[in-house]
Each structure stands twice: as structure tokens, then as C-alpha cells.
Number of protein chains: 4
Amino acid sequence: MATAIGTTYTHTEPVAADLIRFGVIGYGYWGPNIVRNLGSLPGACVAALCDRSQQALRRASQAHPGLNLISDSAQLISSPLIQAIAVVTPVWTHYELAKAALENGKHVFVEKPFTSTVDQAEELIELADKRNLKIMVDHTFLFTGAVRKIRQLIDDGTLGGLYYYDSTRVNLGLFQHDINVIWDLAPHDLSIMDFLIDARPEAISATGQKHLNGHEDVAFITVYFPGRLIAHINVNWLSPVKVRTTLIGGEKKMLVWNDLDTDEKLKVYDKGVNICTKQDVYELLVSYRSGDMWAPQVEQVEALKIELQSFLDCITYNKSIINGGLAGLQVVRMLEAASSSVARMGEVVYL
Amino acid sequence: MATAIGTTYTHTEPVAADLIRFGVIGYGYWGPNIVRNLGSLPGACVAALCDRSQQALRRASQAHPGLNLISDSAQLISSPLIQAIAVVTPVWTHYELAKAALENGKHVFVEKPFTSTVDQAEELIELADKRNLKIMVDHTFLFTGAVRKIRQLIDDGTLGGLYYYDSTRVNLGLFQHDINVIWDLAPHDLSIMDFLIDARPEAISATGQKHLNGHEDVAFITVYFPGRLIAHINVNWLSPVKVRTTLIGGEKKMLVWNDLDTDEKLKVYDKGVNICTKQDVYELLVSYRSGDMWAPQVEQVEALKIELQSFLDCITYNKSIINGGLAGLQVVRMLEAASSSVARMGEVVYL
Amino acid sequence: MATAIGTTYTHTEPVAADLIRFGVIGYGYWGPNIVRNLGSLPGACVAALCDRSQQALRRASQAHPGLNLISDSAQLISSPLIQAIAVVTPVWTHYELAKAALENGKHVFVEKPFTSTVDQAEELIELADKRNLKIMVDHTFLFTGAVRKIRQLIDDGTLGGLYYYDSTRVNLGLFQHDINVIWDLAPHDLSIMDFLIDARPEAISATGQKHLNGHEDVAFITVYFPGRLIAHINVNWLSPVKVRTTLIGGEKKMLVWNDLDTDEKLKVYDKGVNICTKQDVYELLVSYRSGDMWAPQVEQVEALKIELQSFLDCITYNKSIINGGLAGLQVVRMLEAASSSVARMGEVVYL
Amino acid sequence: MATAIGTTYTHTEPVAADLIRFGVIGYGYWGPNIVRNLGSLPGACVAALCDRSQQALRRASQAHPGLNLISDSAQLISSPLIQAIAVVTPVWTHYELAKAALENGKHVFVEKPFTSTVDQAEELIELADKRNLKIMVDHTFLFTGAVRKIRQLIDDGTLGGLYYYDSTRVNLGLFQHDINVIWDLAPHDLSIMDFLIDARPEAISATGQKHLNGHEDVAFITVYFPGRLIAHINVNWLSPVKVRTTLIGGEKKMLVWNDLDTDEKLKVYDKGVNICTKQDVYELLVSYRSGDMWAPQVEQVEALKIELQSFLDCITYNKSIINGGLAGLQVVRMLEAASSSVARMGEVVYL
């Protein structure tokens, strides 16, 4: 029939010598985005997709006719036709899969959080170093226009020295069975915070509660930095409303990032307080500053696409990577500390 | 390589006897949504896609490998392998394409607005009637959860008799070259209004102004209904902010529909005024009522998919159709009247 | 008892020679604000308050113990102890009261709208001119931080040439018995518009409907200016939500004024469209510009206080006045035209 | 002059036998509201106002001509003409002033927080009990329409068993010199929480940081209740935006209270999760419920007026009082615990 009323284009673009062939493991919630974006990058292709679920493979086949499908991850990982593995599976499987991939000489792109323990993360980093392979942990937010703009406002001194970083990430969440709300939601905030703030966190105190299935579904994390900088993260799977708001207070300016606001994600306020000379305990010690608000334009891009392109560049040109194994390790270290503190009702855990 | 590391699923579902084969004409802004949704419906398939632009066909080929592509619409329309034509092209081409399709015995799904003139619309309706073919005009909003919910609240008497319908649809718009902002944006409001309100509009007064390319880019339309119901539509291509808000005032309750609000699109207010017995010109003639607000849950669906399924049902089971040729004609009649009134600075045009 | 446990301050500040003594007529919704603000200005005092309602006088007495109260306005107007009359009564009484005041040699501060007809306004202006007396019409909004900031942004060229002015002023309103929603709410918008826009309006088209008590409670006004500038005002007494939003589109920048936003009343958008060279009817004729948004700090002041001070200055130093009789007349002229157009279903009325 | 053009009303209402005469100490930020509201209640009067600042007394005199003013609080407290003392001064003075008042046989209305220490609070309660005098701590929020409505929704079982209480109270705050942000802002949240939640809190963990003047200006408080209920309070004097939002999660329904929303302060969501039978660790253990949202009308009242009337009733009819000394003590206990925990970086403090 087709020939009767039209023609189809044949894609016969020659495969470039430096095309990086990916094996993708996992086609659940996030896997489809990885497959779609890898497919759209000129320097990459998805050589095969692996999932244990036949239903998942069927969905993949419908969305991407012609995609090679496989259910045995070991077979995928050992294939000589593949240069990199994307691990898009639950966190408790990351270590085994990433380790096997590295041992088979593959670069690894791994979903956040990097691993279930600090030890696992350290072992993977060491393994990759030995083999001269790359690890990228999928801290997607670092590649959004909003986070890059905030980073710029901090780096160029617009905000001045930071006072606090206060993030709220709550909604009626998808309950996870193997991890608590800290391991599910806080990796976003911790990776962003770690990227934005130059200093290294010193200690963590966290509180929370389990209501439904044995894991904390509500948690509050305080991160202490050297000096007077403090961070706080509020994560909650039981909120009727979705909130994605971060306040950053600086000496010179203060910033509100509302990630749910389509048009004005970032608002920079020319507001603050100045310490005055102390005269009398009952005199006002501080004066207030109030001025304009400014919402800088934020680049609208698909962060995951930029991130994956950055992974390709890192492999091809041996470039350093902002969200490599060490960044992933740092997040896991804080997650471990937070979970440990929650269990002891807020007792401080030094990092 | 593929066979070495996996397999691909082969889609060998037998073609059902009652599968309706579509020829789609136009792959610009909206065409991709038509192709994707037709592809996802069990009772339909896209037999071929036609566009004059090679670039558009290339995009289609990337998104839908294997899709039959064609650049001559006449060839598509005359193909005996096709039962229905989707016309997803600029409005000034609708009449010719739809007419040819009907003359070739095809059902027609046509983008809004239906045609450029009332005469064209009437001719197409007559032609379809003679040939016993179906026309559906793509008034997608009628199939959204929000509009269906509002219709229900009007039909079941929740709002009471209607006082006014006031809609604002403004943003920094894509300038059209062949039509003004009324023909571009108001078909949404007029089709929704026509669907929700039982009465037939009697007259239209419209005002507006041309600032940039010879077509009105700002316009204000008043629609008079029998009795005291009045409607107003504010459309603007030059607004720095996007607004999609409709207020509906009823005797019993009042409603605000903010289509940009993800979670609370509809708000129903138990507010209003009651006329009291007139005693004295200086006494209060009305009393106020204020109560709870209620945001009914609105079904989250892809309206276009439901609309296309409804078109299939209409063809297969010869069912009547809420957005058929007559609904399209009614919208074109109002667009013509509004444009005519704008040219005479608001002078009323009777329908 | 008082003397047993404390003392009271006695106000014996000498009355300044140039203190202007006001007689205030009307203590309904707005009168209390006039009395309170006149009392707080160093250059003014309320010599007496007049209202026909004993209940109103009792309220005044509670709020301002010692205030002279009177029920006969003629007595107040003729008192030689008074230099200025504030007319804070329904619009249909303005002309008679203001006329009597001017004939008795008093300056007049009169509530908006100035008068019920153009003829009345013209007569009062002439009378004041002859007697060398001042008239101020209470267009309070002109003295708000927001309007003064917008004026500045227009005057300094920030917005560029204006395309449109589009205001929405709706809520569940206090029904008036003597006037429609246009005369009640639109004076705000018309006076602001007239203050902000340098050009003189040429024509008006308005539509609306009466639902409850014989006066329009919903109305839409279009104002045509020379060139391509157009204004639109949406006023409604039957809205479940309160909206006070004005969009101003300029060639260079666009502005949104949301008067209900406590902190960010004004937002200036670096957005717009540029006309490109026309090449082909199907080529894009315009290009889009999108940039930062900026919310300038708006001075938080009580506008009425500044306005009344301005009236005092105008009297004392014989200064010109932005909201004098001519400004009031211009608004009344537009109100008359709008009401006349509404009655003829939008037919244009030239000014 | 006055007699020439009018008359003044004379207030000669006889003083009722049961009129309660107040001495008010403190006319800073909040004192004017106390004086104004006491003046408006039929059963109370302000016999005298005391403040050490002559400037404050002058302000009071302008607003309330004839008010008895005094600068020595001891004289006020010992006056036999006074039955009750309102202490509207900084927290570190509460204990001394309230103690003297009770010792002089006066009832005491005291600003929040009740006292600086638990010991002081306990001593005052004991003293009042002995003397059969009443103490009310000014937890004004308990008398707002919003809090009373929430209480009703909890009491009648609408929300079901509570999961969490999460409040954010941040803004660019008035820096206090004698107390930190916890003692300044958290009394609101703690008193509301204590009023709404039937259970008694068991332990507190708090974190925070000092940036400017030696007191914490940012703090995060977690309150543990018996069972699985947890509360969290985020207070911050260094926020560029004002936030007053409380989320309350219940088994049946969830609630958001945004105190800055004029019209829709409370939103009740028919959303939640249900625990299902556990089948497999990888099966979904919970199911989601999503439904309508409902914004109940909240009574618009001046909470302080209702609170003071309640104090009068409590004195006159010897009624019990929801915000008496014990409620004040409970808040002080939590403030002490929170400050203590902050100093030890989140270490839990049992109550």
C-alpha cells in the first residue's frame, strides 16, 4: 500500500567512527527519557535496551520500532559492540551493574543516587580511575538553565557571601519500597547545593518520621558548612500540594527559585540587612535594605540532553566532569549521614 | 550488530476490517499531534502524510520511521486506500482540500477555524450531507476535562441561569500572515462558548487594532445572547504574559476557569447577589452571598485523543457529533461578524 | 479617676495663619478617609463635618471625639470660617454642592466622578475660573506609587511608543442605585489612562448588560486614540474574584500592573516583537524578543494623603493641579460617551 | 468656632458596674492594637496607658485624645482604680511586671511569649492560682477564623488522624536584640500547634544559625509527638519574601493554610495514600487518592477583639481560658527546649 501513495525516507547516514554506542539498562519511569535523548544526539546511539520486564520492553518497542531489546543485563554489559552503559535502575542495583560495566571496560552513566553506600561509591570511583573509564551520575538539575544561572550569580558575586540555602521539595510522592524519602528526593537538593556552594559541608542533623510503609516519608535535613552558612532541606511524600522552592540568602542579594513557575523561575531581590555599629542593646543594630526585584531570563533547554552531550564530550575529549563519581560520592555521603541522624532523632553526624 | 545483542519485536497485529485509514495533510505545528494520536488509536492508522515542505516530511520521518510520505495532496486525496482526510493546514486552504476530499468520498477532520467564509462552510456541509460523509472540526477544547466539567455544572443547574461569559486569551503570539488575532485565537473561545451555552447568539460588536503587520493583533469581542446573557472575549498577540482565564457568572454560583493552573483549573464560588424587594431608591436593592469555594477534580486526558476517537465512533456507528460542520459553521459565522464589526469600530452585526 | 493615675497631653499648638479649614460633606464609605487624612496634615483641619444621616454623624463622633458635626450642608457651605469644601457624596449631588461651594467662595475637593454630565462639569470649571478658586477631583490613584512609577517609565521612554492599555477591574461589587458599573468603577481606569497617556482619546465604543437592578453591572469599554493606540476597560460588579490588573504594551517593553500584589505591583517585561523586512507572505514577518523581567520598587504611601497635600499646595501657592476640573471633565466626557455607546450596542461615539 | 457651625456629641453613657478597667503597659508595635480594641469593647476601658518613652505617649495621645498617660509602671500597677493589667512589653520584662500585677490583685493579659523561662511561668501560674486571678497569654492566632476552622476540621474527624504539621514563617524580619528568631516567631506556631493537636509533644530537635547580631536569625524546629505525628517549624528573619504557610497532613484529608491569601486561606484536599496489603516488596504498597479541593469560608474577624472579649468573659464569669498560663507555659517550655537543642546542633531535648 505504501508505495501506492507515497514513499518513506531511508536513513542511510554513515555511522561516524566516534559514535558512542550505549547499552541502556532499565526502562521504567526515567529510562524512556534516556533512550529518547541518546537517540537525538549525533554522537551517540542506543545499541540495545535491557529490562527484566517484558511489558517494559514492549512499551519501548512501540515508542522506538527497531530498537534492539534484551532481557539479560550480563549479556548487554559484556557486548563488545557497546562502549558505555546507562544504568537506569533502582539504587540497590547500581553498584553491581556499574561494577560489571566498568570491569567490562564500559563507561558508566548512572542514575542518582550513585550507590547505596559510601563504600560502594568509593570502590566504583577507584575502579574507573584504574581502568581510565568515565562515570557520570545523573544529577540532571545541574544542567538546567535555572541552576546554571544561580551558579553564575554566586560566582560573579551578585549574591555576596551566602547566609543560608533552604529548599522545599514536597508532593504526594511515588512511594519507594527500598528507600526512604531522603534517598528519593534529597539527592536533587544535595547535588544542586553541592554544585552551587564552594565550601564542603561539615555535619548533618536530620529528623523525620515513618507513617506508612516503614520508611521515612517526611524528613528535614540541616547541613552545617564552615563559617555561618547553613542549609536546610524539607522533603515530604505526603504533601497535598507540589512545592519546589529554594531560598538562598546572601549578604548582598537574596534569591528565590520556584521551579514550578514556568516563566519566572528565578527572582533576585535587592533586599537585605546591614549590621550597624552597636550603640545600645535596645537600639536597632541592623538596618534594612529594600529595592527592586529582578527575574533574569532562564534558558529553556532539556537538561538531560545537555547532560548526556556533556558525558559524550567527557568520554571523547577526556574532559573533566562536574557530576562525576566524586560528586556522586559526596551526595551519598550526605544521604548516609542524614539517614543515620534521623534514626537518632537529629543527633549531629560529622561528615 | 543488533542481532548480536538483542532482538526487536515485530508488530504483526492483523489489520482490523474496520480500521479507518487516514491521509494527513500538513505537518506544521499541530500536524505532529494528529499523526501521533491517530497512530495510538486501535481503530485508526495514518496511511500517508502529505506536506509541501521537504523539511516537514523529514521531521515526520525521523519521528515516525516507516511512515508513508507524499508531497502532492491531490494524489493523497484520490487514493482508494484512504477513508478519511485530516486537513491540518492554514485556514485559507481548508475549503479546497475539504471539498476535494468530500468529492472523493472521504470523511474530513479539519483544523479550526472550519473555513474562511460562511459560504464555504455551508457548501461543505451540504456536500457532506449529500454524500453521507462526516465532517469534524477540530475544536479540541470541547474534549478537555475542564470544558466537560463546566458543561456538566451548567447542565445540572449548579451555576443557575447564566449572566455572563468572559474570557481572556492573550500572550506573545505567533503572528499569522493570512489571518488576524480573532481568527487565530477566538475560535477556541467561540467554540467553547457555543458548546457550553444553550442559547444562540444574536449579535456581535467587536473592536481592535492593527499594530504590526496589517492584521488586528489586539481585539475585544462582545457577543449578545437572547435575554440578558452577554459574552466577552479578549484576544491579544502582544501580551507579555500568557493568560487563559474564563469567568462565568451564574445566578446560583460563579466559576473561574484558569487553564494555566495545573492542579486547580476550575474554581466554583458560592458567591452571588440576590435581588431584594425594592423599597426605596436609597435602600440596598441587592444582598450579597459569600460562601465556600470548591475546586472539582478535572480529568487529566489528552483531549485530542478523545476527540479523534469520537470521530472514529461517529464514522463507524454513524453517531452525531458535537463539533461537526454546523458547529464549525457557527464559529465561522461569529468570526466573520466580529471581523466585520472591528472594521466599523464596534458597530453591531446581527447574526 | 484619670488625674489619680496619669495625665493627658493638651494639644495647644497655635493655629497657623495659613491653615486651611475644610468643611467635609458626606461620611459614608470614603468620607472617613478624607476626615482622617485632612486631620493628619499640618496645613489643614476639618472645621466641621456634615451628613444627613444621624448614624453617620455618630460614627464620626466615636472616631473623632470633638469634631464639629452638622446636618445642614447649606449652613456648612456658607460658613465664613471655612475655606474649602470636600464633597464626598453620591455623584448626582456633586454639581449642586460644588456649585454652592464655589458661589460661596470656597475651594472644592470633589469625589470622582466629577459630575453627572459634561455640561455640569463645564459650568463648574467656568465658575471656579471666574472666582479664582480651585477644584480638585479625587482621582486618588494618580498619587499612588504604582501610577507615578508607570508615568515615569512612559515619560523616560522605557516602554517606547504605546500599543495598548488594557485594564480589568472586577469584583462582587457594591451595587449602586443611581449609577451603572461604568460610572462606579471606570472613573479609576479612565483617570489613570488619561494621566498616563499623552494623546487625547478620539472615540469610544462600549458594550454591557443589565442583570439585576436596571443598571449595567457588566461593561466593556474600548477607547480609540489617534494613531494605533487602543485602550480597553473591563468592569464587572458580578465577579466572584477581585481582579485589578492593567497590561500596557509598548514598542520597547511591556508592563503588567497587578494592584492586588502587595510586593510586586509592577512587572516590566523585556519582551516584544520586531517587524522584519517583508519577504514573502509565508515568511515570518516579525521576530520575537524575550528577556528579563524587572519589578521596580514602588513607593508605599497613602495616596490620599499626598493628594490632599497637593490640593493644599495648589491653593496656597496657586500651583497647577494634575487632577483639576479639566481632568474631571475629561473623565465625565468619556463616561457619558461610554454609557451612550452601551445603549446602542457598541456604536462608536466620537469625543 | 465649632459652636458656630455645628455641635459635638457628648459621650455620657453611664459606666457599667461590671466594666473592667485596664492599665496598659507598653505602646510600641502591638500596644496600639490593644488600646484600640479594649476601647471598642463595651465591658472594658483603658484607665491609663504607661510607657517609658515620651514619644510613645505622644503618639498615644494623638490617636486617643483624653487617654490618661503615665510613665511609671509601678504607679499604674498599684492603682486601686484598675482591675487588670495588659503587659505589652519586651519578653524579658514580662515576669517582673506580671508578678507585680498579680501581687497587687490584678488580672494579667500578657504578650507572647509568656515569660523568658519555664520557672518564671510556673511561678506566675502558681501566684495567680493562689490569688484567684486570671492570666491570659496573647496567642492571638487562636482566635482567628482560620485556626478555629482548622480546629473544627480536626475535631470533627474531617482530616483523620494527623501525620504531620509543617509550618513556614519567614520574612525580612525586625531584628530583636534580646531574643532570637525562635523566641520571636515560633511562639505563633507553637501556640497554634499546641491548640490544634490534642497530644502532648515529647521531644524537640532544633537547628539554626546566627549571622548578624549574635542571635539565631534562621532556625528549624522539629517536634516529636507520641505515635507517628511530627511537627516542623521553619522561622527565618532573613527571607526576601514573606511566607506564612502551614501544611497539615491527615489520614483522610490534607490541608494547606496560607495566611497571606486574602480570600482562600484554607484549602482542604481530598488527597492521600492508602496502605494496601503487602504482596511483594516490589509491588506498590500504597495507592493514591486524588479528588476535589475545597476552600471553606473563613470568618473575617479581628482576632484580638475576640480574644480580649474572651478575657473579659473569663474574668466576669470565671470561665476557663484556652490560652491561659498553662498554654503560655507549654510554649515557653518548647522555646527553651528548642534554643537548648540549637546550641547543641540538633541534639534531642525531651520535654
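The values are calculated or read from the model by the stated rules, or taken from the named source; none is laboratory data. Here the structure is a predicted model, which is why all the values come from computation and not from measurement. Counting neighbours? That spans all protein chains shown, and the Cβs are built from the backbone with ideal geometry, glycine included.
Quick notes on this one:
- Of the residues making up the range A:226-239, those that are of a type outside the set (Val, Ile, Thr), in contact with a Phe, Trp or Tyr (Cβ under 9 Å, 6 or more places away or on another chain) and over 15 Å from residue A:210 (Cα atoms) are A:228, A:229, A:231, A:232.
- Against the numbered list (1) more than 24 Å from residue B:271 (Cα to Cα); (2) more than 12 Å from every other protein chain (Cβ to nearest Cβ); (3) not hydrophobic (A, V, I, L, M, F, W, C), residue B:151 comes up short only at (1).
- Here residue A:242 fulfils each of the conditions (1) over 24 Å from residue D:245 (Cβ atoms); (2) surrounded by fewer than 18 Cβ atoms within 10 Å (Cβ to Cβ); (3) among the basic types (Lys, Arg) apart from (1).
- Taken over the range A:307-317, the criterion of being crowded, with 19+ Cβ neighbours inside 10 Å and in contact with a helix residue (DSSP H, G or I) (Cβ under 8 Å, 6 or more places away or on another chain) is satisfied by A:307, A:308.
- Residue C:16 being touching a strand residue (DSSP E or B) at 6+ places or on another chain (Cβ under 7 Å), within 22 Å of residue D:59 (Cα to Cα) and either at pLDDT below 95 or not in a strand (DSSP E or B) (or both): no
- Odd one out for residue C:235, checked against (1) assigned to a loop (DSSP other than H, G, I, E, B); (2) aliphatic (A, V, I, L, M); (3) more than 9 Å from chain B (Cβ to nearest Cβ): (1)
- Members of the range A:148-168 found to be crowded, with 16+ Cβ neighbours inside 10 Å and small (Gly, Ala, Ser), listed by number: A:167
- Residue list for the range C:204-223, filter: assigned to a strand (DSSP E or B), in contact with a Gly (Cβ under 9 Å, 6 or more places away or on another chain) and at the interface with another protein chain (Cβ under 7 Å from one of its Cβ atoms): C:205, C:207, C:218, C:220, C:222
- Residue D:185 part of a helix (DSSP H, G or I) and in the same structural domain as residue D:342 (by TED's automatic domain parsing): yes
- Here residue B:69 clears all of (1) within 14 Å of chain A (Cβ to nearest Cβ); (2) closer than 14 Å to residue B:133 by Cβ; (3) crowded, with 19+ Cβ neighbours inside 10 Å except the condition numbered (2).
- Failed item, numbered, when residue A:169 is tested on (1) in contact with a helix residue (DSSP H, G or I) (Cβ under 7 Å, 6 or more places away or on another chain); (2) more than 14 Å from chain D (Cβ to nearest Cβ): (2)
- Unmet criterion (only one of (1) surrounded by fewer than 22 Cβ atoms within 10 Å (Cβ to Cβ); (2) more than 14 Å from chain A (Cβ to nearest Cβ)) for residue B:86: (1)
- Leading residue by the ranking (surrounded by the most Cβ atoms within 10 Å (Cβ to Cβ)) among those in the range C:318-351 that are away from every other protein chain (no Cβ under 14 Å) and either among the aromatic types (Phe, Trp, Tyr) or without any contact (Cβ under 8 Å) to a residue 60 or more places away in the chain (or both): C:319
- A residue that is modelled with pLDDT under 95, surrounded by 14 or more Cβ atoms within 10 Å (Cβ to Cβ), part of a strand (DSSP E or B) and not polar (S, T, N, Q) occurs somewhere in the range C:278-288.
This table checks each residue for (1) β-branched (Val, Ile, Thr); (2) closer than 11 Å to residue B:164 by Cα.
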{"site": "B:201", "(1), (2)": "no, no"}
{"site": "B:212", "(1), (2)": "no, no"}
{"site": "B:216", "(1), (2)": "no, no"}
{"site": "B:221", "(1), (2)": "yes, no"}
{"site": "B:225", "(1), (2)": "no, yes"}
{"site": "B:238", "(1), (2)": "no, no"}
{"site": "B:241", "(1), (2)": "yes, no"}
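- When B:149, B:130, B:112 are checked against the criterion of being over 16 Å from residue B:310 (Cα atoms) and more than 17 Å from the chain's Cα centre (by Cα), a single residue qualifies: B:130.
- Among the residues of the range C:40-50, those that are in a strand (DSSP E or B) and either out of contact with any Lys or Arg (no Cβ under 9 Å at 6 or more places or on another chain) or facing chain D (nearest Cβ under 8 Å) (or both) comprise C:47, C:48, C:49, C:50.
- Among the residues of the range C:51-76, those that are assigned to a helix (DSSP H, G or I) and without any contact (Cβ under 8 Å) to a residue 40 or more places away in the chain comprise C:54, C:55, C:56, C:57, C:58, C:59, C:60, C:61, C:62, C:63, C:74, C:75.
- Only one of D:134, D:112, D:149 that is touching a residue at least 60 places away in the same chain (Cβ under 8 Å) and within 20 Å of residue D:342 (Cβ to Cβ): D:112
- Residue in the range A:31-46 that is surrounded by the fewest Cβ atoms within 10 Å (Cβ to Cβ), counting only those that are more than 17 Å from residue B:65 (Cβ to Cβ) and among the hydrophobic types (A, V, I, L, M, F, W, C): A:41
- Residue D:179 fulfils the conditions (1) crowded, with 21+ Cβ neighbours inside 10 Å; (2) modelled with pLDDT under 95; (3) more than 7 Å from chain A (Cβ to nearest Cβ) except for a single criterion, (1).
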